[in-house]
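Written below as structure tokens is the structure these notes are about.
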Amino acid sequence: MGGVTKQNQEALEIDHDLIVDRIYQVALEPSALDDFIEFWHTSGLAEHFEDSQNAGIAEQVASYQTHLERAQSILQRGESTEIDLAQYLQPYDRIAAFIVGRSLVVEACNPGAFATFRVKAGDRLDRLAVPAEMRVALVRTVEDVFGHPGHSEKLLKADLADKAGSVLFRVTCMTHTLESGLAALIVSNHFHWRETIDALLNGVFKLTVAEQSVVRLLVEGHDTKSIAAMRKTSEGTVRGQIKSILSKMNLRSQTDIVRVVMTLGEFPASSEGRTETVQLAAPTI
């Protein structure tokens, strides 16, 4: 190889913008790297930049450095987005949420999804430990969303047995999230009962373990009859427990109990695992 002629060198200097464009193309689409390497050698650029003693060439290398650094930051940002699926689950701390890939494998889930549906990363959507009809309907809804990404969201309502209420699933199509392509964010209306709620019910309102269990079942949508059946006790006993709960929490109805407990889900846990409560007397008017 006889090196790069003056005429070719001038042509290379004119193609400065082309080189920059190729750099950013690789940053946005890493698979374009092989094409860039071929372009680098066949265009004579490799030979051109071999002469590191040439002051003009050193100046050109420096001019590309800023573009290379920017391209690297774009690549790193893209990589972090690819692997950090937890950021999509953060807004759903109080309810069950998980992410499924195009192959129907669970890629990430929050504690609520595990507590409610026993979902964990690596599970297949069509093998979840939920009633068969719910599982089939959920798979069908996710596949429908994948098949029509332009209509990126669907709602699925699944009725629970014994009139125990319904579960809603919102399935949202997510693009440019996984290397394999599309993903689906599945969010359920099922409330995530955290240990901090039990601690607050006991520490602040002095509810017994049995009363805490009744409160949890009320929040899950059960009525007095189903709570009695699940706790293997009488409806009268449950009504007495609810009356005690209302008195201790200074509330008027079961609806108020549910409303207050839902807000307790927003309270952070103490870093030391305990909370000090100051009791204030009701103001007199």
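The values are calculated or read from the model by the stated rules, or taken from the named source; none is laboratory data. Owing to the predicted nature of the structure, the values given are computational and were not obtained by experimental measurement. Cβ sites come from the backbone with ideal geometry, for glycine too, and all protein chains shown count toward neighbours.
When you go through ALA46, ALA71, ALA113 one by one, which is the residue that is crowded, with 16+ Cβ neighbours inside 10 Å and at pLDDT below 70? Can you show your working first?
On the way: ALA46 fails: crowded, with 16+ Cβ neighbours inside 10 Å; ALA113 fails: at pLDDT below 70.
Selected residue: ALA71, the only one of ALA46, ALA71, ALA113 that is crowded, with 16+ Cβ neighbours inside 10 Å and at pLDDT below 70.
Could you go through the range 186-197 and let me know if any residue there is part of a helix (DSSP H, G or I), among the small types (Gly, Ala, Ser) and within 30 Å of ALA121 (Cβ to Cβ).
At the first step, the residues of the range 186-197 found to be part of a helix (DSSP H, G or I) are 195-197.
Going one step further and asking which of them are among the small types (Gly, Ala, Ser), we end up with none.
No.
Pick from ILE197, ILE242, ILE227: which is buried (at least 18 other Cβ atoms within 10 Å of the Cβ) and at pLDDT below 90?
Values: ILE242 fails: at pLDDT below 90; ILE227 fails: at pLDDT below 90.
After applying the criteria, what remains is ILE197.
Under 6 Å between Cβ atoms, at least 6 apart or on separate chains: pull out the pairs that start in the range 190-209 with a residue that is of a type in the set (A, V, I, L, M) and end on any residue that is outside any helix (DSSP H, G or I) and at pLDDT below 85.
VAL204/THR277
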